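For reference, the structure is listed below as C-alpha cells.
The values are calculated or read from the model by the stated rules, or taken from the named source; none is laboratory data. Since the model is a prediction, treat every value here as computed from it, not as a measurement. Here the Cβ positions follow ideal geometry from the backbone for every residue, glycine too, while neighbour counts run over all protein chains shown. Heavy atoms of the whole protein, side chains included, go into the accessibility calculation; ligands, DNA and RNA do not. Shrake-Rupley method; radii C 1.70, N 1.55, O 1.52, S 1.80 Å.
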Amino acid sequence: MKRSLISRLWPNLTALVLFIGFVFPVYWMFATAFKPTGDIVSESPVWFPTDVTFEHFETAVDVDHFWAYVTNSLTVTILAVVFSLIIALAGSFALARMRFKGRRGFIIVFMLAQMAPWEVMIIAMYMIVRDASMLNSLVPLTLFYTMMILPFTILTLRGFVAAVPKELEESAMVDGCTRRQAFRRVILPLLAPGLMSTSLFGFITAWNEFALVLVLNKDAEAQTLPLWLSRFQSQFGDDWGATMAASSLVSVPILILFVFLQRKAVSGLTAGAVKG
C-alpha cells in the first residue's frame, strides 16, 4: 500500500515542480511591474508587492509611438491568422478528402516547410521587398507571417478533417446539400477545436516575431511590439519596473486569447451535431 501511494505521489510532485518552474517567471514579471522602485532594487527579494503602483505602466505607455506599435502588431497578427485559416481550410480539406496525383509529395513539402527555419530566407525576403519598394510597410509582414503560419495550420487541420467520418458529409449530401454546403454546415463546426488551436499558434507566432520586422521595417511607426520591447533597456537604462510593465503589456493579449480559445474549444466539440 505504501508503494502504491508513492507511485501515485511522485508524478503529482513532478508535475507540481514543473508547474512552479513555468509559472514563477510569469508571476515575477507581473509582480515586478506593480512593485515600487524601492522594492525592485531591494537587496532582499520582495516576493509579494506591498504597495501596488501603476507608475511603471504609465511610463511604458508614454513611450513615443507606443500606440502605433500596438496597432501594427494587432493588424499584422490578426490578418495573418485570418488569411492562413481561410487558405488552410480549403487546403486541409483537399489533402484529407481528395485523392490526386502527387498528394503524398505535396504533404512532404509542407512538412519540410514546417521543419525548415524560415530565417534562412530572410535575405531573399528583404531583397524582394526592397525591389518592390515596400520597405517600412505592413503588407509584406502580413504576407510573410501568413506563409510562416500556413504549413502548420494546414497539417493540423488536415488531421481534424480526416478524423470527421465521411458518413456525416455523405448524409448531408443525401439530404440535399452540395459539397460546399456539407462542408460549411457539418464539417466546419466539428473543426472548432482545430481552428482554435491553430489560431492560437498562429497568433503567438506572428505576435512574437522579431527578426523579420527588424530587417524590413526601420521606421519606428511601422514596427511592432517585440521590437519596441527589445529597446526598452536602452531607453530606460536600469528601470526594471518599466521593462517588466512593458513585458506584461505584451503578454496580456496572448493570455486573454488563450483563456478565451480554451473555453471555446471545449464547446466546439459538440457544435456540429447532425441528423443520424
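How many residues does the stretch 184-232 hold that are in contact with a His (Cβ under 7 Å, 6 or more places away or on another chain) and closer than 30 Å to Ala172 by Cβ? Don't jump to the end; show me each part of the working.
Let us first name the residues in the stretch 184-232 that are in contact with a His (Cβ under 7 Å, 6 or more places away or on another chain), namely 220-221.
Of the ones still in play, those that are also closer than 30 Å to Ala172 by Cβ are none.
Going through the stretch 184-232 one residue at a time, the tally reaches 0.
Can you tell me which residues in the stretch 105-145 are open to solvent by 80 Å² or more (accessible area, probe 1.4 Å) and either in a loop (DSSP other than H, G, I, E, B) or modelled with pLDDT under 90 (or both)?
Pass one, the stretch 105-145, residues open to solvent by 80 Å² or more (accessible area, probe 1.4 Å): 106, 108-109, 111-112, 115, 119-121, 123, 127-128, 130-131, 133, 143.
Correct list: Phe106, Ile108, Val109, Met111, Leu112, Met115, Glu119, Val120, Met121, Ile123, Ser133.
Can you tell me how many residues within the stretch 81-111 are in contact (Cβ under 8 Å) with a residue 12 or more places away in the chain, aliphatic (A, V, I, L, M) and within 20 Å of Thr146 (Cβ to Cβ)?
Applying the first criterion (in contact (Cβ under 8 Å) with a residue 12 or more places away in the chain) to the stretch 81-111 yields 81, 83-85, 87-89, 91-93, 95-97, 107, 110-111.
Checking which are aliphatic (A, V, I, L, M) leaves us with 81, 85, 87-89, 95-96, 107, 111.
Applying the additional criterion that residues be within 20 Å of Thr146 (Cβ to Cβ) yields 81, 85, 87-89, 95, 107, 111.
Residues flagged as in contact (Cβ under 8 Å) with a residue 12 or more places away in the chain, aliphatic (A, V, I, L, M) and within 20 Å of Thr146 (Cβ to Cβ) within the stretch 81-111 amount to 8.
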key: Filter pass, Asp239 being farther than 22 Å from Leu141 by Cα, surrounded by 17 or more Cβ atoms within 10 Å (Cβ to Cβ) and acidic (Asp, Glu)   = yes
key: Hey, Ala90 out of contact with any helix residue (DSSP H, G or I) (no Cβ under 7 Å at 6 or more places or on another chain) and not β-branched (Val, Ile, Thr) or not   = yes
query = Has the stretch 5-26 got any residue that is modelled with pLDDT of 85 or more, of a type in the set (Gly, Ala, Ser) and closer than 25 Å to Glu209 by Cβ?
reply = no
ask   = When Thr59 is evaluated against the numbered criteria (1) in contact with a helix residue (DSSP H, G or I) (Cβ under 6 Å, 6 or more places away or on another chain); (2) among the polar types (S, T, N, Q); (3) surrounded by fewer than 16 Cβ atoms within 10 Å (Cβ to Cβ), which criterion, by number, is the only one it fails?
value = (3)
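Residue by residue through the stretch 34-49, note down the ones that are surrounded by 11 or more Cβ atoms within 10 Å (Cβ to Cβ) and not in a helix (DSSP H, G or I). Break it down into steps so the answer makes sense when it comes.
To start, the set of residues in the stretch 34-49 that are surrounded by 11 or more Cβ atoms within 10 Å (Cβ to Cβ) comprises 34-37, 39-42, 46, 49.
Across the stretch 34-49, the qualifying residues are Lys35, Pro36, Val41, Ser42, Val46, Pro49.
Listed here are the residues, each with its yes/no results for (1) open to solvent by 30 Å² or more (accessible area, probe 1.4 Å); (2) at pLDDT below 80.
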{"site": "Gly159", "(1), (2)": "yes, no"}
{"site": "Arg179", "(1), (2)": "yes, yes"}
{"site": "Arg185", "(1), (2)": "yes, no"}
{"site": "Ser197", "(1), (2)": "yes, no"}
{"site": "Gln223", "(1), (2)": "no, no"}
